[in-house]
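To start, the structure itself, in structure tokens.
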Amino acid sequence: MTDPDAARILLVDDEADLREALSQTLDLAEIETEAVASVDAALARLTPAFAGAVITDMRMPGRDGFALLDAARAMDPDLPVVILTGHGDVPMAVRAMNAGAYDFIEKPCPPARLVEIARRAIEKRRLVLENRALRARLETAEAGALEASILGDSPVATAYRARLERVAATDLDVLILGRVDKAQPAMDCGYLDEA
């Protein structure tokens with residue numbers, strides 16, 4: 001069974017022989033590949049958390065590569081989509097790149113070039129998802145930092161946390177002075193009373 005979080009290529013091509021050949025090329029390069037025959041089948045497998053990249057043929061019955069590119073970018077603008085076509089020309093390549101394609105490859109494509117583009121696209125996706133995860137952790141840590149920095153459930157600690165949260169939302173510089181002993185638990189926070 002395929003790990004849904006594993007980095008991989010989603011390969012979309014309606015020609016079974018070519019789909020198999022491209023898939024084998026990527027598999028031999030140790031790039032996990034899932035191959036499907038249509039845009040609809042590809043979209044059923046894509047989510048905003050998809051940990052890989054898409055390589056799609058341009059001309060297919062029904063919806064084409066541009067339809068997949070548009071749908072994938074609407075789902076996640078940072079999802080790398082590589083357009084692969086045997087009918088390429090300069091206007092099509094320009095249109096694909098302007099629409100946000102990660103790369104544009106003409107068939108027949110040398111296997112080494114396909115592998116190199118697939119690896120770069122997967123690495124780009126890995127970095128995007130890692131960056132998002134780090135940002136989410138940072139936001140969570142920042143939100144919980146105030147809660148963790150003032151310990152206690154006493155009314156005084158709760159009141160100071162509330163005041164600090166109000167002040168933290170401003171551009172004010174604040175210096176909090178206080179003692180850390182049980183005999184004198186109250187904190188001197190002069191300007192906080194004005195907030």
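The values are calculated or read from the model by the stated rules, or taken from the named source; none is laboratory data. All figures in this text were calculated on a predicted structure; none of them were measured in a lab. Cβ placement follows ideal geometry from the backbone for every residue including glycine, while neighbour counts extend to all protein chains displayed.
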* Within segment 13-20, can one find any residue that is buried (at least 19 other Cβ atoms within 10 Å of the Cβ), at negative phi and in contact with a strand residue (DSSP E or B) (Cβ under 6 Å, 6 or more places away or on another chain)? -> yes
* Name the single residue, out of those in segment 93-123 being of a type in the set (Val, Ile, Thr) and either touching an Asp or Glu at 6+ places or on another chain (Cβ under 8 Å) or surrounded by fewer than 16 Cβ atoms within 10 Å (Cβ to Cβ) (or both), that is nearest to residue 65 (Cα to Cα). => 94
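Determine which member of the set 19, 63 is more than 29 Å from residue 133 (Cβ to Cβ), of a type outside the set (S, T, N, Q), in the same structural domain as residue 119 (by TED's automatic domain parsing) and not in a helix (DSSP H, G or I).
Details: 19 fails: not in a helix (DSSP H, G or I).
Of 19, 63, the one residue that is more than 29 Å from residue 133 (Cβ to Cβ), of a type outside the set (S, T, N, Q), in the same structural domain as residue 119 (by TED's automatic domain parsing) and not in a helix (DSSP H, G or I) is 63.
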* To do: Considering only segment 102-134, state which residues are assigned to a helix (DSSP H, G or I), in contact (Cβ under 8 Å) with a residue 12 or more places away in the chain and not basic (Lys, Arg).
  => 111, 114, 115, 117, 118, 121, 122, 128, 129
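Scanning for something of a type in the set (S, T, N, Q), surrounded by 13 or more Cβ atoms within 10 Å (Cβ to Cβ) and over 12 Å from residue 9 (Cβ atoms), does segment 48-60 turn up at least one residue? Explain how you work it out, then say what you get.
Here is the first cut: in segment 48-60, the ones of a type in the set (S, T, N, Q) are 56.
Next cut, surrounded by 13 or more Cβ atoms within 10 Å (Cβ to Cβ) only: 56.
Narrowing the set further to residues that are over 12 Å from residue 9 (Cβ atoms) leaves none.
The answer is no, given that none of the residues of segment 48-60 is of a type in the set (S, T, N, Q), surrounded by 13 or more Cβ atoms within 10 Å (Cβ to Cβ) and over 12 Å from residue 9 (Cβ atoms).
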* **segment 163-189, subset small (Gly, Ala, Ser) and loosely packed, with under 11 Cβ neighbours inside 10 Å, residue modelled with the highest pLDDT** => 169
* Structure fact -> Per the filter on segment 32-57, residues of a type in the set (Asp, Glu) and in a helix (DSSP H, G or I) are 40
* Asked: Which condition number in (1) surrounded by 16 or more Cβ atoms within 10 Å (Cβ to Cβ); (2) touching a helix residue (DSSP H, G or I) at 6+ places or on another chain (Cβ under 6 Å); (3) not hydrophobic (A, V, I, L, M, F, W, C) is the one that residue 88 fails?
  -> (2)
* Give the residues of segment 24-44 that are touching a Leu at 6+ places or on another chain (Cβ under 6 Å) and farther than 29 Å from residue 91 by Cβ, sorted by residue number. => 33, 34
* Working only within segment 34-70, note down all residues that are over 18 Å from the mean Cα position of the chain (by Cα) and among the aromatic types (Phe, Trp, Tyr). => 66
* Is there a residue in segment 152-160 that is hydroxyl-bearing (Ser, Thr, Tyr), in contact with a strand residue (DSSP E or B) (Cβ under 9 Å, 6 or more places away or on another chain) and modelled with pLDDT of 85 or more? -> no
